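Structure, as structure tokens:
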Amino acid sequence: MLFNCLMFIPVGILVPWAYENFLHEDEVKKRNTVLLFGLIVSVSVECLQLFTRTGLFEWDDIFHNMIGLMLGYGIYLFLKGKQFWEVHRYFLPMIGVVLALIIAMV
């Protein structure tokens, strides 16, 4: 779980940075593009593991990859100089989902 999260943190930082340098669009479109890109890469990795029989296709891996991606995007926003409230507002839904899953597992 931890490795999956850590693996996608750089993606969450580098993709919006590259997107910002090539296309100058609003933050919502950039965030959605980053999330879609991360989802496509994550599902592609899982499918590759399934078809090459080098691992298992697990939905929780995709979920953990997306958490790492969102953490990376939050770091990107923080490093970019966004106000604390914007970064905090971004993390609130993710924190709620993670807490709900932890409570459900207990």
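The values are calculated or read from the model by the stated rules, or taken from the named source; none is laboratory data. For clarity, every value in this text was computed on a predicted model and none was experimentally measured. Here the Cβ is made from the backbone with ideal geometry for all residues, glycine too, and neighbour counts use every protein chain on show.
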Point to revise | Inter-residue pairs, beta-carbon under 8 Å, first among the polar types (S, T, N, Q) and in the range 58-86, second surrounded by fewer than 21 Cβ atoms within 10 Å (Cβ to Cβ) and modelled with pLDDT under 85, 6+ apart | key: Asn65/Asn4; Asn65/Cys5
Practice item. Filter the range 31-59 down to the residues that are of a type outside the set (A, V, I, L, M, F, W, C) and surrounded by 15 or more Cβ atoms within 10 Å (Cβ to Cβ), then identify the one that is farthest from the chain's Cα centre (by Cα). Key: Gln49
Review point. Within the range 7-19, how many residues are among the aliphatic types (A, V, I, L, M) and farther than 13 Å from Met70 by Cβ?
Key: 3
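I'd like to know if the range 3-15 contains one or more residues that are within 21 Å of Leu79 (Cα to Cα), part of a helix (DSSP H, G or I) and more than 11 Å from the chain's Cα centre (by Cα). Show your work before the answer.
Filtering the range 3-15 down to residues within 21 Å of Leu79 (Cα to Cα) leaves 5-15.
Applying the additional criterion that residues be part of a helix (DSSP H, G or I) yields 5-15.
Then drop every residue that is not more than 11 Å from the chain's Cα centre (by Cα), which leaves 14.
Yes - at least one qualifying residue is present in the range 3-15.
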Practice item. Being surrounded by 19 or more Cβ atoms within 10 Å (Cβ to Cβ) and among the small types (Gly, Ala, Ser) is the filter here, so list the residues in the range 1-19 that pass it. Key: Gly12
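One line per residue, one yes/no per condition, for (1) more than 26 Å from Glu20 (Cβ to Cβ); (2) assigned to a helix (DSSP H, G or I); (3) at pLDDT below 85; (4) in contact with a His (Cβ under 9 Å, 6 or more places away or on another chain):
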position: Leu35; (1), (2), (3), (4): no, yes, no, no
position: Gln49; (1), (2), (3), (4): yes, yes, no, no
position: Asn65; (1), (2), (3), (4): no, yes, no, no
position: Lys82; (1), (2), (3), (4): no, no, yes, no
position: His88; (1), (2), (3), (4): no, yes, yes, no
Practice item. Inspect the range 39-52 for any residue being free of Cβ contacts under 8 Å to residues at least 40 places away in the same chain and in contact with a Leu (Cβ under 7 Å, 6 or more places away or on another chain) and give the result as yes or no. Key: yes
